[in-house]
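These notes are about the structure you will find just below.
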């Protein structure tokens, strides 16, 4: 069971590690996209969110307060879904479908992050972690 949870943590975190690296290496383009969505301080937000999700993903993968890492990813995903992928505002059908896919992906990943948080906070040490949870649920 521990090995399966570890493999799941790694697979879950891959998308955030790749995305975080893109935030850091392609920040100018991503900042333009953020500005097009009406967000001020585009480049700062892109860089800060890149660091945020890399840290969250590494905490999950390494088992260092994995519950905190999962919460960090949740905190990134929900606002991103609603602010960056507001498909209901799109009038072009192709753009609307694209934004809907990204919105649903982010909401799905947020659900996974919440489930991981609960798992780590309820069952300390599951999945070969380096530390126990920062938060504790249950007995």
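Each reported figure results from applying straightforward, stated rules to the coordinates on display, with no laboratory input. Remember, predicted model here, so these are calculated numbers, not experimental data. All Cβ positions, glycine included, derive from the backbone under ideal geometry; neighbour counts span all protein chains shown.
Per residue, the chain reaches -26000 deg cm²/dmol at 222 nm when only DSSP H runs of four or more residues are counted, each adding -39500 (n - 2.57).
Tell me, how many Å apart are the Cα centres for segment 53-110 and for segment 1-37? Computed from Cα coordinates, the inter-centre distance equals 9 Å.
Convex hull over the Cα atoms of the chain, averaged projected area in nm²?
8.7
Once C-alpha pairs closer than 8 Å and six or more residues apart are averaged by separation and normalised to the residue number of segment 25-139, the relative contact order reads 25 percent. Note on segment 5-64: percent of Cα-Cα distances in each 10 Å bin, starting at 0 and stopping at the bin with the largest distance, equals 26, 42, 23, 8. With 0.36 nm allotted per residue and the present C-alpha distance subtracted, the residue 48-residue 102 stretch has 17.4 nm of extension available. Apply the a/c threshold of 1.5 to the C-alpha gyration tensor of segment 84-139 and tell me whether it is rounded, prolate or oblate. In terms of gyration-tensor shape, prolate.
Put in order of Cβ neighbour count within 10 Å, fewest first, the listed residues 74, 21 become 21, 74.
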